[in-house]
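I have placed the structure first, in the form of structure tokens, so that the comments after it can refer back to it.
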Amino acid sequence: MLKARIALVALATAFVYTAATRAQAPAGAPAGSTALCNDGTYFSGATKSGACSGHKGVKTWYGPAAAPKTTTPPTPTATPVAATKPAPASAPAPTAAAAPKTMPAPSAAAAGGGPGMVWVNTSTKVYHCPTDRYYGKTKSGSYMTEAAAQAAGDKPDAGKKCF
């Protein structure tokens, strides 16, 4: 019985301590308010991060305290080494023609182009020279001659002609 009473007192003390360390929203605040902003408006988000942005910051936080940040570095994981079987003696050695084909990197230029061709970004109506960093890399576009691009009303990037 004594242990139960001690546990009850400890629980009540923890509850009072928790309630005392957290500010209560004033009676005039909208329901669910978790912060009072410096400009007098209320915030009702769950976290303090980004609260009252555009309202001169947080004046008083009514929500739960933020969880402490842990600065434990990630533990390195061992990379498993795949077991490989030696090739049978009768198997021919792989050739360059049998090598698997790889996809180009996402920043690679679009296939096509060639001597005398420019890349026209069809959404901006700007064309890029083969030496430009956007040549063949914009989301939408096509290759054509510089003369055809100018005839279609496209403008050179930065006002410079390619050829």
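For LEU2, the conditions (1) surrounded by 10 or more Cβ atoms within 10 Å (Cβ to Cβ); (2) at pLDDT 60 or above are fulfilled apart from (1). All conditions in (1) loosely packed, with under 11 Cβ neighbours inside 10 Å; (2) at pLDDT 90 or above hold for PRO88, with the sole exception of (2).
The values are calculated or read from the model by the stated rules, or taken from the named source; none is laboratory data. In this text the structure is predicted, and so the values were computed from the model without any measurement. Cβ sites come from the backbone with ideal geometry, for glycine too, and all protein chains shown count toward neighbours.
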